[in-house]
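See below for the structure under consideration.
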Amino acid sequence: MSRRKKKLWYVPEGTEPTDFQKRMMAAEASGAIVPSPKLIKTEEQIEGIRLSGMVNTGVLDAVAAQIHAGMSTEEIDRIVYSYTVSHGAIPAPLHYEGFPKSVCTSINEVVCHGIPNNFDILKEGDIINVDVSTILDGYYSDASRMFVIGKTSPEKQRLVDCAKECLEIGMEAAKPWSFLSDIGYAITKHAHEAGFSVVRDLCGHGVGLEFHEDPDVEHYAKKPGQGMMLVPGMVFTIEPMINMGTWRVFIDAADNWTVVTEDELPSAQWEHTFVMREHGLEILTH
Ligand code: MF3
Ligand code: CO
C-alpha cells in the first residue's frame, strides 16, 4: 500500500497565501486530516444552500401542518412533491440512486429511508421521521423532523426528545478547528446516559453542491478529537439515529432501501444542514 498522500493545500509559486490558507497549510503539515479546498464553500454557495434550505423548511412546515392519523405516507409524498416543485425546486430523493419517491418516511422501528406508499397509514401513537432534501438552483439542503401522531407512549416520547437533544448537543460540540469525532462523542454520551443506542451504519455528510459529499459525520464515537478537522466554510448535516434497543440495523430485502432496527424496537432521528463559522455552527435549514 502506498504511503503517499497528495498535498491538499498549497498556493502557486510566488503567490502570497491568505491567512486562511496559511492556517490550512500549517494544519495539514502538522498531520491533521484536513478538508480539501473544494469542501470549503464560498459565501455565494452558502447563500445558495441557504435559499435551498428555506424551501426545504417550507416543505417540512407544510407536512407539519397536514400530518394526521389516518393519512398514508403516499399523501406525505404528494405534499412534499407539490410544495417543492411549486417553489421552483426539485426533491433530491426522487430517482436518487433509484429511490422511487420524493421523501423518506420512516415509522416506529424504521430507522430511515422508508419509502412512501398507499398501505402505511399513520395511526395514533406512531412516531415518524420525515426526511426532506431539496435541490434549488443546483444547491442541496437536507433536514428531517420527527412527528408524533396524537399521543404516544412515554418511552417513545422520551426517545423522540432524546434524539432531538442529541442533534443539539452534537451541534454544540462542533467547534471550529476542533475535530469531527467531537460530535459523535457528545451524541453517544448523551444517548447512552438516556439508556438508548446510536446507529453506527449510517451517518451525516457533507452537502451543498451534491447530495452526499465528504466527510462522513459519524454519530457514534468512542473518543473525541479524531477524524477530519472542522473548518469554517464546511457545510454538512448532523442527523443522529437513536434506537430504543440495539444499535444494530438491517436493510429490508423487499425493497433494498428501508433500514429497520434489528430488534424491531423504535428509532428516532432529527437532522439539520449547517455551515461552520468562526464562532460555531449556523443552521441553514431553520
Ligand atoms: N435524506 C437522507 C439523508 O439524510 C438521504 C436519503 S437518500 C434517498 O442523507 F435516496 F433515500 F432519498
Ligand atoms: Co442527510
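Coordinate-derived values only; no laboratory data. This structure is a prediction, so every number in the text was calculated from the model and none was measured. With ideal geometry, Cβ positions are generated from the backbone for all residues, glycine too; neighbour counts draw on all protein chains shown.
Beyond 25 Å in Cα-Cα separation lie the following of the pairs 164/223; 151/175; 7/38; 175/223; 38/175: 151/175. Within the chain, the ratio Rg/Rh, alpha carbon atoms throughout and Rh by Kirkwood, equals 0.99. Counting only DSSP H runs of at least 4 residues, each contributing -39500 (n - 2.57), and dividing by the residue count of the chain, the helix-based mean residue ellipticity at 222 nm comes to -9500 deg cm²/dmol. When the Cα positions of 194, 122, 259 are compared along the charge dipole of region 109-259, 194 comes out farthest toward the positive end, with charges on each C-beta of Lys, Arg, Asp and Glu. Highest average first, the peptides 235-247, 4-16 ordered by how many other beta carbon atoms sit within 10 Å of their residues are 235-247, 4-16.
Ordered from longest to shortest, the equivalent ellipsoid semi-axes for region 16-102 are 40, 15, 12 Å, each the square root of 5 times a Cα gyration tensor eigenvalue.
Each principal axis of the Cα cloud of region 62-163 was evaluated for its coordinate range; sorted largest first, these ranges are 42, 27, 25 Å. Between amide H atoms placed 1.01 Å from N, distances below 5 Å from residue 207 occur with 213, 235, 236, 237, all of them 5 or more places distant or on a separate chain. Relative to the longest principal axis of the Cα atoms of the chain, the long axis of helix 43-66 lies at roughly 10 degrees. For region 159-171, 3J(HN,Hα) computed residue by residue from phi via the Karplus equation (6.51, -1.76, 1.60; θ = phi - 60°) reads 5, 4, 5, 5, 4, 5, 4, 4, 4, 5, 5, x, 5 Hz, glycine and proline entered as x. Placing a pseudo-label 7 Å from each Cα along the Cα-to-Cβ vector at residue 263 and residue 282 gives an inter-label distance of 4.2 nm. Here the Karplus relation 6.51 cos²θ - 1.76 cosθ + 1.60, evaluated at θ = phi - 60°, turns the backbone of region 20-34 into coupling constants of 5, 4, 4, 5, 5, 5, 5, 5, 5, 5, 6, x, 5, 7, 10 Hz, with x for every Gly and Pro. Given axes a ≥ b ≥ c from the Cα gyration tensor, I'd like to know whether region 185-257 is rounded (a/c under 1.5), prolate (a/b larger than b/c) or oblate. Oblate shape, in that a/c is at least 1.5 and b/c is the bigger or equal ratio. Of the chymotrypsin sites (Phe, Trp or Tyr not before Pro) found in region 50-151, those in coil by DSSP whose Cβ has at most 12 other Cβ atoms within 10 Å are 119. If R0 equals 51 Å, the separation of the Cβ atoms of residue 61 and residue 36 corresponds to a calculated FRET efficiency of about 0.90.
Would you please classify the overall shape of region 131-259 from the alpha carbon gyration tensor, given that a ≥ b ≥ c denote the square roots of the eigenvalues, rounded means a/c under 1.5, and beyond that prolate means a/b larger than b/c while oblate covers the rest? Oblate is the answer for region 131-259, as a/c is 1.5 or above yet b/c matches or exceeds a/b. The Cα center of region 159-219 and the Cα center of region 7-77 differ in position by 15 Å.
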